[in-house]
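Take a look at the structure below.
Computed from the coordinates by the stated procedures, all read-outs in this text should not be read as laboratory data. Just so we're clear, the structure is a prediction, and the values are computed from it rather than from any experiment. All Cβ positions, even for glycine, are placed from backbone atoms using ideal geometry, and neighbour counts span all protein chains on display.
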Amino acid sequence: MVRVRIAPSPTGSLHVGNARTALFNYLFARQNQGTFIIRMEDTDAARSSRESETSMLEDFQWMKMDSDEGPLQGGNFGPYRQTERLGLYSKYTQMLLNNNKAYPCFCSAEHLQEQREQKRSNNQPYRYDRACANLDADTVAKRIKQGEPYAVRLRTPQEHVVVHDIIRGDIQFETDSFRDFIIVRPDGMPVYNYVVAMDDHLMEITHVIRGDDHISNTPKQVLVYDALGFTVPKFAHIPMILGKDHAKLSKRHGDTTVANFKEKGFLQEALINYLALLSWSPKTEREFFTMDELIQEFQLESVSKSAAVFDVDKLKWMNGNYIRQMEPNEYYKRILDFVRASELFTNGHITESDIANEERFTKILLTVRDNLETLMDVGQYLQPFFTMPGLTKGINAELSPEAKEILELPTSKDVLEGFLSELKKVENEGNSDGNHDTDTYTDTYIDTYIDAQTYKGLTKIVQKNSGAKGKALFMTIRVGISGEHKGPDMAELVSLLSVAEMISRLDYTIANRL
Ligand code: GLU
């Protein structure tokens, strides 16, 4: 029965590197009908926090890596926070001391530091001199009784340790550099390499799948397993994720946490798919996988030994693909939060009543969808449907050089005035059609819209009267009603803007920009 775990230290937000490690554990567990466990390594009291734990657990949930055991739901091998497990370890320490596999070390931290510095100044590697390794039992008992503080050191008689790694094969480590390493500090706190081995054993972890930044810790853990008579689990050390400059991926490279990507409107499906392909690939060219497909296809043995480069542009491209494939309803539901968070909304250019006009709003959202790489991009593409730069304050009013050039064409004035007058005719017809509620004398006013075909008809008239055609006709109308030389398809844009809105934009352009 496969049992694997992700063991983050809750000292911040979940890093994509840890998310990828969790994913490989999760995929491996699910494809083997195994158990996926979350364990919080929270013994660093100064840096660990419950907020961080909560946010990490939320991120795992958001990524749909549901755990079978963990701090929230518990399980038969709990507790699942290291700080709640401290009592479990002392029994093993006592056992190691009784068997003479470990010994108390009374060397003070200052003394050890001095030795270390002396070696360093002579350019020699530091090794513990094993001063306390052979103290006689009476001396030890007496010094303990007198209350002298001591660390516990593990005896490491082996000269080397071989770690069998599923991804990297056998790796041999010389033990000299960490001989008789400390397993319990003088303040009673057991160290990571000791605790992690006990936890993995007690939780019956069968495969330790983690980042290869831990590879140098593994021989120490193997020594702990051996000393305690525990079976050594299988190890798989997965390569690091690097930034584009090939340095370890860190904040300096930009967004690195799952929360960053969630906030920016990356989809869980895209992030999972992208992370799965960092240092793993199927034997084919295929790039798109659902979680279920990954569970089928993923192979721990075929994870590469070399580090992967995190390419946010590739992730964006993948995310855009996922956005375009979403069910329209799902897309609408998920994107509304990003619409409401956009500046257009907070500045009041998009209002709740725009959103409530579901038919029009859905059409607009589907129109802009092809441009989106993240859901957060939506704000920038919605702009032409709700406001024109310059016409409303707060939005950059500078025309682009290309847009200016178009308005400088000799025909532009005729085109814009012609189009304006055609729109005014449509508007008047619309109003006399009963859009004013004359029965009750209220000022209810229903916006008039034109469809793509009407638009085409109007441009024909303008073309005839102004003599402009092609770019001089269509681009001029585009700049006249959007203030931009590029943007959404014109037939779609004009059919989603009310005639009144287009009239006021054209009025502005004619008065201020020609
Ligand atoms: N707490 C360690 C980390 O976050 C994980 C250790 C392990 O997986 O053994 O890097």
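Residues whose amide H falls under 5 Å from that of residue 153, counting only those 5 or more places apart or on a different chain, are 103, 105, 183, with hydrogens built in the peptide plane. Beta-bridge orientation, the chain: approximately 50 percent antiparallel, per DSSP, counting only bridges with both partners inside. For the chain, the list of Cys residues with no other Cys C-beta under 4.7 Å reads 107. Taking every DSSP beta bridge that has both ends in region 190-313, the antiparallel portion is near 10%. Report, in degrees rounded to the nearest 10, the 0 to 90 angle that the Cα long axis of helix 412-430 makes with the longest principal axis of the chain. With both axes taken from Cα atoms, the answer is about 80 degrees. Peptides 468-479, 15-26 ordered by packing proxy, namely the average of other Cβ atoms within 10 Å per residue, highest first: 15-26, 468-479.
For region 502-514, backbone phi angles converted through the Karplus equation (6.51, -1.76, 1.60; θ = phi - 60°) give residue-by-residue couplings of 5, 4, 6, 5, 5, 3, 5, 4, 5, 6, 10, 10, 8 Hz, Gly and Pro being listed as x. I'd like to know which of 1, 100, 259 lies farthest towards the positive end of the charge dipole of the chain, counting +1 on Cβ of Lys and Arg and -1 on Cβ of Asp and Glu. Farthest towards the positive pole: 100.
Full extension of the segment from residue 288 to residue 202, taken as 0.36 nm per residue of separation minus the current Cα-Cα distance, would add 27.2 nm. Taking amide H atoms as placed 1.01 Å from N in the peptide plane, the amide H of residue 242 lies under 5 Å from those of 249, 308, 309, 310, each 5 or more residues away in sequence or on another chain. 3J(HN,Hα) along region 342-354: 6, 4, 4, 7, 5, 7, x, 6, 10, 10, 4, 6, 4 Hz, from the Karplus curve 6.51 cos²θ - 1.76 cosθ + 1.60 with θ = phi - 60°, whole Hz, x for Gly and Pro. Sequence-distant contacts, meaning Cα pairs under 8 Å at least 6 residues apart, place the relative contact order of region 313-420 at 28 percent.
Which of rounded, prolate, oblate describes region 108-220, given a ≥ b ≥ c as roots of the alpha-carbon gyration tensor eigenvalues and a/c under 1.5 marking rounded, otherwise prolate only if a/b is larger than b/c? Taking the square roots of the gyration eigenvalues as a ≥ b ≥ c, region 108-220 is oblate. Checking the cross-link pairs 64/262; 404/464; 464/486 against a 18 Å limit on the alpha carbon distance flags 404/464; 464/486 as lying beyond it.
Couplings for region 238-246, taken from phi via the Karplus curve 6.51 cos²θ - 1.76 cosθ + 1.60 with θ = phi - 60°, read 9, x, 5, 9, 10, x, 4, 7, 6 Hz in order; Gly and Pro are left as x.
Think of it as helices only: each DSSP H run of n ≥ 4 in the chain is worth -39500 (n - 2.57), and spread over all residues that comes to -14000 deg cm²/dmol at 222 nm.
Averaging Cα coordinates gives a centre for region 32-47 and one for region 87-138; these two points are 29 Å apart. Would you list, by chain and number, the aspartates and glutamates whose Cα falls below 20 Å from the Cα of residue 469, excluding same-chain residues fewer than 8 positions away? Within the straight-line limit of under 20 Å, residue 469 reaches these aspartates and glutamates: 402, 405, 408, 414, 417, 422, 484, 489, 492. Annotation for residue 141 and residue 176: the two label points, set 7 Å from Cα along the Cα-Cβ direction, are 3.8 nm apart.
A simple charge model with +1 on the Cβ of Lys and Arg, -1 on the Cβ of Asp and Glu and nothing else charged puts the dipole of region 97-246 at about 220 debye relative to its Cα centre.
For region 358-431, what does the alpha-carbon gyration tensor say about shape, rounded, prolate or oblate, given a ≥ b ≥ c as the root eigenvalues, a/c under 1.5 as rounded, and a/b over b/c as prolate? Cα axes put region 358-431 in the oblate bin.
Residues whose amide H falls under 5 Å from that of residue 235, counting only those 5 or more places apart or on a different chain, are 166, 208, with hydrogens built in the peptide plane. Taking all Cα pairs closer than 8 Å and separated by 6 or more residues, the relative contact order of the chain comes to 12 percent. The simple spin-label model puts a point 7 Å past each Cα toward its Cβ; for residue 124 and residue 260 those points are separated by 4.5 nm.
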